[in-house]
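Computed from the coordinates by the stated procedures, all read-outs in this text should not be read as laboratory data. If you're wondering where the values come from, they're calculated on a predicted model, not measured in any experiment. Heads up, the Cβs are rebuilt from the backbone with ideal geometry, glycines too, and the neighbour counts pull from every protein chain shown.
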Amino acid sequence: MLPSETMSQSSRSVLPVVLAAGLGTRMKSSKPKVLHELCGRPMLAYVLDAAEEVGHRRPLVVYSPATKAITEAFADRADFALQATPLGTADAVRAALGVAPADVAEVMVLSGDVPLVDADVLAELIDLRRARDAVMAIVSVRTVNPEGLGRVVRSDDGAQVLRIVEQKDATPEELEIDEISAGIYAFDCQWLRLRIGDVRPSPVSGEFYLPALVELAHQDARPVISLEVEDDGTLAGINDRSQLADAEFELRMAINEAHMMAGVTLVDPSTAYIDVSVELAGDVTLEPNVILRGRTRIGAGTRIGSGSQIIDTVVGSNCVVWASILESSAVEDEVQIGPFSHLRPGSSIGRDVKLGNFAEVKASRLEPGVQQHHFSYIGDAVLGEKTNVGAGTITCNYDGTRKHRTKVGKRVFLGSDTMLVAPVELGDDARTGAGSVVTKDVPAGMLALGVPARLRKPRRSSAEPPDRAE
């Protein structure tokens with residue numbers, strides 16, 4: 001049977017419950033811990049991805065008043081249960097059961113701060129619980145550093161899980177145990193509903209711990225089983241910003257490896273920062289110190305040079321972007337950008353456009369063949385095909401109250417230090433002289449010259465074709 005078929009059958013009646021009520025005080029942040037991002041997405045998003053793969057039901061996320069922001073961030077992906085006062089994991093599951101559908105047969109419990117969890121491990125845990133007819137199954141890991149984690153206490157023969165002891169409640173002997181609970185559980189829901197109310201508070205902390213259900217299962221003569229998995233870091237919880245950085249590094253390296261296996265060249269993978277949502281075609285080259293964020297897409301054969309940041313932008317094929325910033329824009333094929341260019345949101349760059357040193361474009365369309373080489377600003381404008389933008393040219397698009405549009409026709413020559421005071425329109429083959437301030441429309445083929453610019457017919461060299469810009 002194919003793995004996907006196995007997973008589908010394993011998850012038909014599973015309700016994923018994700019615990020996310022803790023603010024995460026060690027993060028030293030007003031933001032809920034599970035909303036801190038890894039490679040462009042909140043860590044909770046990754047947990048929900050895994051939960052959705054193994055549970056056909058919409059995940060149920062337990063939150064507290066301190067983490068209410070997650071209900072807005074994930075309203076389209078999950079249902080929610082309020083844990084009014086966070087009093088431990090068992091109390092959180094009790095809150096979840098209070099709103100869970102009555103027909104739920106199985107419950108899978110995950111932690112919202114374990115973003116690298118593998119859906120295959122969850123599916124295997126569900127299958128194992130069913131195969132052994134256990135009321136409870138856990139995921140465990142043997143680790144060289146069990147500090148701060150719940151220890152798994154087994155029977156003398158190792159066959160049975162007797163207890164899971166939180167570190168703050170453990171004896172010195174129990175603290176020597178290297179097998180820890182990963183905080184992932186699968187339950188028979190009917191038994192869980194029956195017994196969750198019997199969990200007693202810890203005499204040390206006063207909290208209600210989910211692992212206490214292990215001993216209740218033994219009282220009922222029902223087995224508790226464990227799925228022991230490799231300590232590869234994917235089940236590590238995130239409690240502080242150092243651990244967040246470690247998890248981001250692991251995820252970033254996995255993302256980079258996947259892109260390289262798909263035909264992308266990363267000159268220095270350790271300095272390529274690529275969000276998980278970014279799409280790269282084959283034969284893209286990323287030089288060192290490149291940042292690609294959000295819904296960015298890069299076409300085949302494009303080279304992104306060192307120092308570039310590209311955010312929510314589509315870049316076509318066979319382009320070159322060098323030490324520049326591109327935000328929420330669209331770039332067609334065979335475009336050259338940089339160094340030190342800036343595309344602000346809403347820019348649309350046509351095929352074979354060239355943007356050079358310190359060229360800035362905002363909410364504008366540059367038609368194919370436009371050249372805007374250096375020290376210029378084009379905002380709220382349309383530039384026609386093969387227009388040339390001289391150094392220092394700007395569109396004066398804001399009058400202090402409103403933005404205004406500028407329209408420039410085909411093959412227009414804008415002389416150095418031209419100011420186009422919007423709203424204004426220049427016809428095809430129009431020209432402006434150096435330093436001109438254009439406050440009125442310029443008809444096709446005419447020259448605007450002076451401050452304010454006056455119109456005249458351009459003089460042409462007798463050796464020059466009549467349609468060639470000077």
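Compute the length gained on full extension between ALA254 and THR171: take 0.36 nm times their separation in residues and subtract their Cα-Cα distance, giving the result in nm to one decimal.
On the way: separation 83, 0.36 × 83 = 29.88 nm, distance 3.87 nm.
Result for the pair: 26.0 nm of gain on full extension.
Could you work out how far apart the two model spin labels at ASP156 and SER29 are, taking each label as a point 7 Å from the Cα in the direction of the beta carbon, and quote it in nm?
Simple spin-label model gives 4.9 nm for this pair.
List the lysines whose Cα lies under 21 Å from the Cα of LYS354, skipping any in the same chain that are fewer than 8 positions away.
Filter leaves LYS362, LYS386, LYS407, LYS410.
Given the Cα-Cα distance of VAL204 and ASP49 and 0.36 nm per residue of separation, how much length would full extension add, in nm? Working shown, then result.
Numbers: separation 155, 0.36 × 155 = 55.80 nm, distance 3.54 nm.
Extending this stretch completely gives an extra 52.3 nm.
Specify the inter-centroid distance of the range 42-70 and the range 359-384, based on alpha-carbon positions, in whole Å.
That distance is 44 Å.
Can you tell me what share of the DSSP beta bridges in the range 3-229 is antiparallel? A percent to the nearest 5 is fine. Walk me through the numbers on the way to the answer.
Details: 17 of 36 bridges.
DSSP beta bridges in the range 3-229 are roughly 45 percent antiparallel.
Mind listing which GluC sites (Glu not before Pro) in the range 194-293 are in a DSSP loop and have 11 or fewer other Cβ atoms within 10 Å? Don't skip to the end; give the middle numbers.
On the way: sites: GLU207, GLU215, GLU228, GLU230, GLU248, GLU250, GLU257, GLU279; in loops: GLU207, GLU230.
Those that pass, being in a loop and sparsely packed, are GLU230.
Using the eigenvalues of the Cα gyration tensor, what equivalent ellipsoid semi-axes result for the chain when each is taken as the square root of five times the eigenvalue, whole Å, largest first? Before the final figure, lay out each step's value.
On the way: eigenvalues 795, 90, 66 Å².
Here the semi-axes work out to 63, 21, 18 Å.
So if we plug the beta-carbon distance of ARG222 and ARG41 into 1/(1 + (r/R0)^6) with R0 = 60 Å, what FRET efficiency do we get, rounded to 0.05? Present the calculation step by step, with values, prior to reporting the outcome.
Details: r = 38 Å, r/R0 = 0.64.
Efficiency, rounded to the nearest 0.05: 0.95.
Can you list the residues of the range 173-201 with backbone N under 16 Å from a point 7 Å past the Cα of ALA102, pointing along Cα to Cβ?
Counting only backbone N, you get 190, 193-194.
Quickly work out the ARG295-to-THR265 label distance, labels modelled 7 Å from Cα along the C-beta direction, and quote it in nm with one decimal.
Here the answer is 3.0 nm between the modelled labels.
Quick one: which of 177-188, 393-404 comes out on top by average Cβ neighbours within 10 Å, and what's the full order, highest first? Don't skip to the end; give the middle numbers.
Values: 177-188: 22.7, 393-404: 15.1.
Sorting 177-188, 393-404 by mean packing, highest first, produces 177-188, 393-404.
Could you pull the Cα extents of the range 340-470 along its three principal axes, largest to smallest, in whole Å?
That works out to 44, 33, 20 Å along the principal axes.
Please work out the Cα center distance from the range 415-432 to the range 275-303, rounded to the nearest Å.
Their Cα centres are 36 Å away from one another.
Where in the range 124-171 are there GluC sites (Glu not before Pro) that are in a DSSP coil and have at most 13 other Cβ atoms within 10 angstrom of their Cβ? Write down the numbers at each step before the final one.
Working: sites: GLU124, GLU147, GLU166; in loops: GLU147, GLU166.
Sites meeting the loop and neighbour criteria: GLU147.
With the alpha-carbon atoms as the only input, what is the per residue convex hull volume for the range 241-456 in Å³?
Numbers: hull volume 21.6 nm³, N = 216.
Output value, Cα hull per residue: 100 Å³.
Length gain on complete extension for the stretch GLU72 to ARG402, per 0.36 nm per residue less the alpha carbon to alpha carbon distance? Could the numbers behind the result be given before it?
On the way: separation 330, 0.36 × 330 = 118.80 nm, distance 3.34 nm.
Result for the pair: 115.5 nm of gain on full extension.
Given the convex hull of the Cα atoms of the range 35-163, what is a quarter of its surface area in nm²?
Working: hull surface 38.7 nm².
It is 9.7 nm².
Compute the relative contact order of the chain as a whole-number percentage, counting only Cα pairs closer than 8 Å that sit 6 or more residues apart in sequence.
Values: 1227 pairs, mean separation 36.6, N = 470.
Value for the chain: 8 percent.
By count of other Cβ within 10 Å, fewest leading, how are SER317, SER364 ordered?
SER317, SER364
Out of the chymotrypsin sites (Phe, Trp or Tyr not before Pro) in the range 60-113, which ones are loop residues according to DSSP with at most 15 other C-beta atoms within 10 Å?
Working: sites: TYR63, PHE74, PHE80; in loops: PHE74.
Passing sites in the range 60-113 do not exist.
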